[in-house]
């Protein structure tokens, strides 16, 4: 009787040990699976938290802020939309521009409220009001150079991510009727020769949109209702040229 009880007891103990071992194995297996899952999920979680969108700062005057057109018609906004169509993640543009600004005005604005971020790309279009207000070409060269250097700095000194646009020619618009259009066009050319030379020497991208603006002479669709500034349609033509240039450096 004692031997039978001992045998039963031993079997009972053995069963409990096996049960405990099985439970331990299952627990270890569960911990292992959870650990692997965390490792596999960590990169994905981190990527979800990272802001991978690129940023764009547009500097200028009425041509950049899009005087007389809707926000959606501004060339920086249209350019962003074209880039997004190419699957480029980029934020809405930050625009520092006011109608009537000269290079001096833009410099003063940047001094008063300096951009705080390092932007992925920067565009610069400035100078028509220097010409219109009869400011000297020498002053323009000096201040444009300063603005271009700042634009480069805003991209963390990445010259390849800075884009200069030439000054449009308003001599072909209804606004210029009765003015010396030959003189206006000639002076616009001089200012553009200056900003082009400075831009090329600085190693940034340069886009000639002056030739596009002159199509307004024979096409009313190129001019806004105010008879002076480009229409959203003309800005679209600029964007079609600018977006591929930016796309090349954003991929």
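Here are 188, 184: which of them is over 21 Å from residue 79 (Cα atoms) and surrounded by 22 or more Cβ atoms within 10 Å (Cβ to Cβ)?
Within the list 188, 184, the selection yields 188.
With segment 77-193 as the region, which helices (runs of 4 or more DSSP H) entirely inside it contain at least 2 residues that are at pLDDT 95 or above and more than 20 Å from residue 64 (Cα to Cα)?
Fully inside segment 77-193 and qualifying: 137-154.
Would you mind stating whether residue 134 is surrounded by fewer than 16 Cβ atoms within 10 Å (Cβ to Cβ) and at positive phi?
yes
Report, by residue number, each residue of segment 54-92 that is closer than 19 Å to residue 155 by Cβ and surrounded by fewer than 21 Cβ atoms within 10 Å (Cβ to Cβ).
Selection gives 54, 55, 88, 89, 90, 91, 92.
Got at least one residue in segment 159-175 being closer than 22 Å to residue 74 by Cα, in the same structural domain as residue 76 (by TED's automatic domain parsing) and loosely packed, with under 15 Cβ neighbours inside 10 Å?
yes
Looking at (1) out of contact with any strand residue (DSSP E or B) (no Cβ under 8 Å at 6 or more places or on another chain); (2) in a helix (DSSP H, G or I); (3) touching a residue at least 12 places away in the same chain (Cβ under 8 Å), which one does residue 201 not meet, given that it meets all the others?
That leaves (3) as the condition not met.
The values are calculated or read from the model by the stated rules, or taken from the named source; none is laboratory data. Given the structure is predicted, the values throughout are model-derived calculations rather than measurements. Positions of Cβ are generated from backbone atoms using ideal geometry, with glycine treated the same way; all protein chains shown enter the neighbour counts.
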